[in-house]
Amino acid sequence: MAESLSVKSKRFLKALNGEAIDRPPFWLMRQAGRYLPEYLAVRATPPDFVAFCLDPEKACAVTLQPIDRFGMDAAILFADILLVPHGLGQRVRFVEGEGPRLDPVTDGAGIDRLTREGFHDKVGAVYETVRLLAKRLPGDVALIGFAGAPWTVATYMVAGQGTSDQKPARLWAYRDPEGFGRLIDLVTEVTIDYLAAQVEAGAEAIQIFDTWAGSLPEAEMRRWVFAPIARIRAALKARFPHVPVIGFAKGIGAMLPELAPATGVEAVGIDAAVPLSFVRDRVQPGAVVQGNLDPLLLVAGGAALERGIDELLSTLGPRRFVFNLGHGVVPETPPDHVAALARRIRSWTP
Ligand code: CP3
């Protein structure tokens, strides 16, 4: 079968499978983006960011840019987590220099205005991007599809923008858990369809981004972070048993060892604040781990960057480990520093 052939030849898929490999695979969250002049050149043409994400030729081109330049072991589909609310009929736009703006959903009537009808038509361009990538990627590079986790997507849908504390969604969840649960259920169900369509189009692994998981206390984390991710993971497993899922729940610290057992994900993304000894002793025994270099080390460069890379490789490598950052590449990152990182990982020996 195609799946087992890919696993045999792709370092990234082998690592997710727990197999022995020569060196850890690497890719970087937000590896396509504003730190690359060739990205800015493509980004300058479409009228707005949503239209850019929904232009398969352009999205495919920028997905391939970091692979061509640095030779990562995996490419992540270029899109955005807010395409799911767009697909549900919520108005989503990106304001230059400010970030995303959505018409907020604040009550049951707001949920009733959303609709799954026409979802695939509204986001179908994403599946076309995946099909193009599956054809155009180098043979040893794996293709990652993704979506936001329902909790993080809901924080934007409810606030209508990014927030530092996710207050609107947290308050709704406390005051009216059943009403808020209806929103989470809707986003969960449509996210399953969205990710399944990405796999059908050629995605070989899936990452679920729960950027704001860390703003919830334990009981709420189980209900709004773990449970929806578990539902998504189970639904995908039933249809595509060979496709591994990475759960990236940022900021959950001491709850990290529970993420894989509670949700069924094969791999766990780690943010930069988690101590490596904790990852090695408490998380890695139960899951493949991915992370967690501080994105600002990639801005600083030099000896600090080299030390950070070496420490990560020697503590968590070579097995059950995917090298990545603890969060996305920031726009100030010099591309030369990414090139230096790629060289260092490639020449590493255990
Ligand atoms: O990693 C990749 O290279 C794949 C593409 C990708 C983007 N967004 C492209 C993007 C992925 C995986 C995302 C996920 C995403 N989007 C998350 C979860 C991960 C994270 O970073 O925490 C979140 C919270 C969003 C929502 C979002 N999209 C915000 C808050 C913003 C504005 C902030 C910013 O950095 O500008 C975006 C815009 C966005 N998404 C850009 C990119 C490359 C920048 C847009 C530009 O080119 O101007």
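See the values below:
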quantity: Relative contact order [Cα under 8 Å, 6+ residues apart], the chain, whole percent; calculated: 21 percent
quantity: Average accessible surface area per residue within the chain, 1.4 Å rolling probe, Å²; calculated: 40 Å²
quantity: Computed P(r) (all Cα pairs; segment 6-347; 10 Å bins; percent); calculated: 6, 27, 37, 25, 6, 0
quantity: Exposed GluC sites (Glu not before Pro) absent - longest run of the chain, DSSP non-H/G/I/E/B, at most 14 other C-beta within 10 Å; calculated: 118-331
quantity: Relative contact order computed over segment 110-241 (Cα-Cα under 8 Å; 6+ residues apart), in percent; calculated: 36 percent
quantity: Vicinal HN-Hα couplings computed from phi for segment 341-350 (Karplus, 6.51 cos²θ - 1.76 cosθ + 1.60; Hz; Gly/Pro x); calculated: 4, 4, 4, 5, 5, 5, 8, 6, 10, x
quantity: Nonlocal amide H pairs with residue 270, under 5 Å, H built at 1.01 Å; calculated: 290, 291
quantity: Backbone HN-Hα couplings from phi across segment 40-56 [Karplus 6.51/-1.76/1.60, Hz, Gly and Pro as x]; calculated: 4, 5, 6, 4, 5, 7, x, x, 8, 5, 5, 4, 4, 4, 9, 10, x
quantity: Above-threshold pairs, the threshold being 29 Å between Cα atoms, out of 167/237; 10/58; 122/237; calculated: 167/237
quantity: Percent accessible area from carbon and sulfur atoms, segment 6-347, protein chains only, probe 1.4 Å; calculated: 51 percent
quantity: Highest-fluctuation residue, 151, 212, 172 considered, GNM on the chain with Cα pairs under 10 Å; calculated: 172
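The values are calculated or read from the model by the stated rules, or taken from the named source; none is laboratory data. These figures come from a predicted structure and were not determined experimentally. Here Cβ is always computed from backbone atoms with ideal geometry, including for glycine, and neighbour counts include all displayed protein chains. Accessible surface is based on the protein model in full, side chains and every heavy atom, while ligands, DNA and RNA are left aside. Shrake-Rupley method; radii C 1.70, N 1.55, O 1.52, S 1.80 Å.
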